[in-house]
Amino acid sequence: MANHDIAFTPDPDADSISSDVAGFGGLLVSTQIPTRADGSLELGGIVEQSECTLQALKVALERAGSSMDRVLHLTIYLTDMADRAAFNEVYTRFFARPWPVRAAVGVAALAVEGMRVEVTAMAAKA
């Protein structure tokens, strides 16, 4: 069944089983991970991983015709809640007031060993 009011933007990773963005009058952005511009994973410190993760989110939003200033909600997954302050420092370089609604969730592990942060977002279309 086709849903003409819903659009999916495929993840650029050919092996992915998730769309990168789903549009429905707004945008749901799939989990973004600390991916560098060349597609490799950044598995260094939390600051470097946070920067790559939020940059990946920015790219996904822009590809879908939106932007970081259109983000309404962000869910942040951290393997160590002690990393929250460092993530927040990076976060303030990507977002400004009024801040998106957000939740930070502590998790035991993420998909790749050494990954410390993932985010998902909901944004308004531009």
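Observations, loosely collected:
- For the chain, convex hull of alpha carbons as volume per residue, Å³: 113
- Those residues of segment 96-116 whose amide nitrogen sits under 16 Å from the label point placed on ARG84, 7 Å along Cα→Cβ: 101-108
- Fraction of antiparallel bridges per DSSP, the chain only, in percent to nearest 5: 75
- Angle in degrees between helix 46-63 and the longest Cα principal axis of the chain, rounded to the nearest 10: 10
- Relative contact order of segment 28-124, pairs being alpha-carbon contacts under 8 Å that are 6 or more residues apart, as %: 42
- Helix axis angle, 84-94 relative to the chain longest principal axis, alpha carbon, degrees: 50
Any read-out appearing in this document is the output of simple, stated calculations on the displayed coordinates, not a laboratory observation. Everything numeric here is computed off the predicted structure, so don't read it as measured data. When we count neighbours, we look across all protein chains shown, and the Cβ atoms used for this are built from the backbone with ideal geometry, even at glycine.
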